[in-house]
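In what follows, a single structure is set out as structure tokens and then discussed.
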Amino acid sequence: MPTPQLFTLTLLTLLAFAGNSVLCRLALAQSAIDAASFTGIRLLAGALVLGGLVRAKAKHGPRQGSWLSAAMLFLYAAGFSYAYLSLPTGTGALLLFGAVQATMLGWAMYRGERMRPLQLCGLAVALAGLVGLLLPGLSAPPLFGSLLMLLAGVAWGVYSLRGKGASDPTAVTAGNFLLAVPFAVVLSLLMYRDTSLDLAGVLYAIASGAITSGLGYALWYRVLPLLRSTTAATIQLSVPVIAALAGVVFLGEAISLRLALASLAILGGIALVIVNKQAPQRS
């Protein structure tokens, strides 16, 4: 694939990932849709788009996926939606990304992967940034929303770990989205008293599921094999930054000094871990 095309597709993927945060926050802050309905519509729209892509490519619908992975996908999507009832866009994206990376690093360490001194330093800096972000204060994000987003990040981290090495990640993702829909239906039934829908909210949810989730993941799986693992991991550091800037533009949110410093610490610390993980060992 030519470099300009690869760059364009990669940029579109990163914008899609950041767009999930923006669309969810827009829907829950500026429309009447409730979090459970947003979650269900998002998952259903994603399942339909991904299933259509798989069917067009392989002449059959999604036949892969697992209930455990689908449960993790649902837990991520539901936690994500409910967290954005109170969290600003950039803060939510930063907490989600930090939790995903911490989950995957924690699993690697549990499996016996040894970290270099600079990686340990980066991990300590990232954790310090996370603690600093959540410490009580006037500019601290709401604690309950923060915990929900951290839970969503852990669930997405587990989901990502379970999907590593899939022979056809698009088909697996399509299957998991489809299997996650029943979980969303149960949530909507349990929360039926809070059900609220309007056209804007439904359209935001459809866009989040069909475009920034479904097409976004399909694009990512297309460009991922063409990127070095270090590059793929590092460029994802831009997603919380893009989300924060979009929150300023589309929602009029402010970027506090606390968020800026925490972002530097968390993203910088994770970058240190990623880069040094790929650095060659010196004899």
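Side notes on the structure shown:
- Where N is the number of residues in the range 76-173, Cα Rg divided by 2.2 N^0.38 Å: 1.19
- The range 212-275 versus the range 17-42: alpha-carbon centroid distance in Å: 19 Å
- Per-residue Cβ neighbour rank within 10 angstrom, fewest leading, Glu113, Glu253: Glu113, Glu253
- Dipole magnitude of the chain about its Cα centre (Cβ charges: Lys, Arg +1; Asp, Glu -1), debye to nearest 20: 920 debye
- Fewest-first ranking of Asp34, Asp198, using other Cβ atoms within 10 Å as the exposure measure: Asp198, Asp34
- Of the DSSP H helices in the chain, those with a Cα length along their own long axis of 18 Å or more and a mean Kyte-Doolittle hydropathy reaching 0.5 comprise 3-30, 35-58, 67-83, 89-110, 117-134, 143-163, 169-190, 238-251, 257-278.
- Alpha-carbon spread of the range 3-278, three principal axes, descending order, Å: 48, 44, 38
- Dipole magnitude of the range 88-204 about its Cα centre (Cβ charges: Lys, Arg +1; Asp, Glu -1), debye to nearest 20: 420 debye
- Measuring nothing but how far apart in sequence close Cα pairs (under 8 Å, 6+ apart) lie, relative to its length, the range 3-278 scores a relative contact order of 42 percent.
Readers should treat all values here as calculations from the given coordinates under stated rules, not as data from a laboratory. Here the structure is a predicted model, which means the values were calculated and not measured. When we count neighbours, we look across all protein chains shown, and the Cβ atoms used for this are built from the backbone with ideal geometry, even at glycine.
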